[in-house]
Amino acid sequence: MQDVFKLVKAPTQPVLDPEFCPPALCNRAFLADVNASGAAVPLLIAVERDRQRVSCFSTRVYDMRHPAAAANYFYVDRVVKFLLWQFGGWKVTVHGPQELVTWLRSCYSRTGMRAFDAEFWGEQTYEQPMTFVHAPTPADMPVASDGASSAVKLDWTGWRIGFDLGASDRKVAVVKDGKLALRADGEPLLSAEYVWDPKPQTDIRYHFDQIMWVLKEAEKAIKAVNPEAKVQAIGGSSAGVYVDGRVRVASLFRGITPRERFEREAAPIFKTIEQAWGVPLRLENDGDVTALAGAIALNDGAVLGLAMGSSLAGGYVDDQRAIKGWMNELAFAPVDYNPRAAVDEWSRDFGVGANYFSQQAVARLIPLAGIAMPDLPEHDFPKRLLRVQELMAAGDERARRIYETIGVYLGYSVAHYGDFYPCVRHVEVLGRVVTGDGGKIILDKAKALLRREFPALAVNFYEPDEREKRHGQAAAAASLPLA
């Protein structure tokens, strides 16, 4: 497929990766050729997920009778791949050449090259077989419907609890009348984090008790200032994939095996907690809640959040500051079309976000920068990142080149994300990769590239301050339930 698709190398080359092929440029070149050919045909794509919610995307490809039509296959593969990890979904309806739909079915079969994606979104996440449907006419396409339940109300009254579950700590905050509840001295009534170790735990009672404990601590804080007060609602965020409040994929519960036991015990845990409290509880992916916290701090919407930590986490709130119910799992969305790009160990696909914006991305670039770390295990990514940060602080030019490379990746990828997300005014960046002097280099490089090569894309980069990092996410989560 790659042999017939025109690859465009980056005019601003990442210093450590001169073969990088930005999708934003490759897709533009493909569409320019399609439109100039006189043989363009519409390609409409609808992705359906839970509760019959549908998200749509439209583009163009060559008529299959055109001599260059073989390039359609690579283009469609990359676009559908991105849409699935942006929206999530088990059913894809396509209006376009029948040959492309037939080919997609084979790719997403149990033996196809996208078998990982098919199992992840089909059986594992939505408990449906992955399905591709051909729509003969545009009228046969599903209508876009993200669902009204994605709205978030920010002007409610009363007491709420917000929590955020991470791999090593649980954050909890008390919120009143839409704002972080404060003591007389101006400090939060309760906004704290508590250590836990959920990943190796094989008894779901551990997770249940630990989550309930922090919620009870929040209730105690409320009762201490108003014994008659009642908790109105609970909102939470957590790393992983959640569908209608049910756990589908989350490393926090990896110890609950086999899958049958996971479905019985881990999947409904937040529904069980909701029943125990007797108040509305809404849980969302932590990336989306991070983006919501950014929108609240900015007092504006259209925020795309990118957290560069152990992997790449994404989140999005629209221009009305509403969470869309999309998955935004950008760690597996393509950001490099170079067929010789790094291959992700889990999905076995090349050029996806986790290898470009995470601790493992830094580790991949270390040998390319000429840095040797024989004393550190190859897969100890946190310690390798820390070593690079130390070298950067000491003025090592090799470390600077790593950050410059990631900055070029980021600039082109933000332009690429802008082609799929309907409105992005702010890009919120956080995570260990962008801390310190290296983080400033990343952002400066990305900003300069966008100004130079994509001047029409007016994007504000936003970094949350330490107070927001400590308190913002759990407090924002409290606004989720529509009680």
Search result, residues across segment 216-239 that are buried (at least 18 other Cβ atoms within 10 Å of the Cβ), at pLDDT below 95 and outside any strand (DSSP E or B): 239
Given (1) within 30 Å of residue 222 (Cβ to Cβ); (2) in a strand (DSSP E or B), identify the lone condition not met by residue 132. (1)
Could you look through segment 175-190, keep only residues that are assigned to a strand (DSSP E or B) and either open to solvent by less than 30 Å² (accessible area, probe 1.4 Å) or touching a Pro at 6+ places or on another chain (Cβ under 9 Å) (or both), and pick out the one that is farthest from residue 211 (Cα to Cα)? 182
Determine if segment 453-475 includes at least one residue that is within 18 Å of the chain's Cα centre (by Cα), over 20 Å from residue 363 (Cα atoms), assigned to a helix (DSSP H, G or I) and of a type in the set (Lys, Arg). yes
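Quickly run through segment 83-106 and pick out the residues that are out of contact with any Leu (no Cβ under 9 Å at 6 or more places or on another chain) and surrounded by 20 or more Cβ atoms within 10 Å (Cβ to Cβ).
First, the residues of segment 83-106 that are out of contact with any Leu (no Cβ under 9 Å at 6 or more places or on another chain): 83-84, 87-88, 90-91, 98-99, 101-106.
Matches in segment 83-106: 83, 84, 87, 88, 90, 91, 104.
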Can you pull out every residue in segment 424-482 that is under 19 Å from residue 296 (Cα atoms), open to solvent by 40 Å² or more (accessible area, probe 1.4 Å) and aliphatic (A, V, I, L, M)? 482
Which count do you get for residues in segment 258-279 that are in contact (Cβ under 8 Å) with a residue 24 or more places away in the chain and either open to solvent by less than 30 Å² (accessible area, probe 1.4 Å) or among the polar types (S, T, N, Q) (or both)? 6
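So which residues in segment 30-54 are over 22 Å from the mean Cα position of the chain (by Cα) and surrounded by fewer than 14 Cβ atoms within 10 Å (Cβ to Cβ)? Spell out the reasoning first.
Quick first cut of segment 30-54, residues over 22 Å from the mean Cα position of the chain (by Cα) only: 30-44.
Correct list: 32, 35, 36, 38, 42.
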Scan of segment 360-409 for residues that are of a type in the set (Ser, Thr, Tyr) and either in contact with a Cys (Cβ under 7 Å, 6 or more places away or on another chain) or closer than 20 Å to residue 343 by Cβ (or both), ordered by number: 405, 409
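Which members of segment 345-354 meet the condition of being open to solvent by 10 Å² or more (accessible area, probe 1.4 Å) and of a type outside the set (Phe, Trp, Tyr)? Spell out the reasoning first.
If we filter segment 345-354 for residues that are open to solvent by 10 Å² or more (accessible area, probe 1.4 Å), which is where we start, we get 345-346, 348, 350.
Selection gives 345, 348.
The values are calculated or read from the model by the stated rules, or taken from the named source; none is laboratory data. Note that the coordinates shown come from a computational prediction; the quantities given were computed from them, not determined experimentally. Note that we place each Cβ from the backbone using ideal geometry, even for glycine, and neighbour counts take in every protein chain shown. Protein only, heavy atoms only, side chains kept; ligands, DNA and RNA dropped before computing areas. Shrake-Rupley method; radii C 1.70, N 1.55, O 1.52, S 1.80 Å.
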